[in-house]
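Novice: Got a structure here, written out as structure tokens. Questions coming.
Every number here is computed from the coordinates shown, using simple stated rules; none is lab data. Here the structure is a predicted model, which means the values were calculated and not measured. As a convention, Cβ positions derive from the backbone with ideal geometry for all residues, glycine included, and neighbour counts pool all protein chains shown.
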Amino acid sequence: MPLQLTHEEIAPGTVAVTLAGKLMMGPEGEQIVGLVDQLLAEGKRVIIFDLSGVTVIDSTGIGRFIASYNKIVNAGGEMRMAGATGHLFHSFKVSLLDQVFPFYPTIEDAARG
């Protein structure tokens, strides 16, 4: 399944971005960085990525989150990750990104921070 991306504001200034499908090399993943730019321009400063629907991720996919993280932090915001389990979470852990990005079991937990 190609990458699907949706988002909704769940609290003032806080947006949940839900991803589903394969996050791999290719133009689909570029949507993430573009959406982050758009949300920051709208004044959103807490961006939560719900990864529970992601089935596959590669290094390019992980790179999209690194690029997004840099943009968000430079804008004075905060990036949180939710719903990553199993092999998906392991992909972040082996690259030590679990120590950079805060991970939460659910969007609700991430929203509470």
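Novice: So if R0 is 25 Å, what FRET efficiency would S59 and A111 give, r being the distance between their Cβ atoms, rounded to the nearest 0.05?
Specialist: Approximately 0.30, to the nearest 0.05.
Novice: Now, a different point. Once every DSSP H run of n ≥ 4 in the chain is given -39500 (n - 2.57) and the sum is divided by its residues, what mean residue ellipticity at 222 nm do you get, rounded to the nearest 500 deg cm²/dmol?
Specialist: Helix contribution divided over all residues of the chain: -12500 deg cm²/dmol.
Novice: Okay, moving on. Leaving out same-chain residues fewer than 8 places away, which lysines sit with a Cα under 24 Å from that of K44?
Specialist: In chain and number order, the partners are K71.
Novice: Length gain on complete extension for the stretch T85 to V33, per 0.36 nm per residue less the alpha carbon to alpha carbon distance? Walk me through the numbers on the way to the answer.
Specialist: Numbers: separation 52, 0.36 × 52 = 18.72 nm, distance 2.25 nm.
16.5 nm is the gain from fully extending T85 to V33.
Novice: Given a cut-off of under 8 Å on Cα pairs at least six residues apart, what relative contact order in percent is computed for the stretch 4-108?
Specialist: Relative CO of the stretch 4-108 lands at 27 percent.
Novice: For K93 and E9, what is the calculated FRET efficiency with R₀ set at 41 Å and r taken between the beta-carbons, to the nearest 0.05?
Specialist: 0.85
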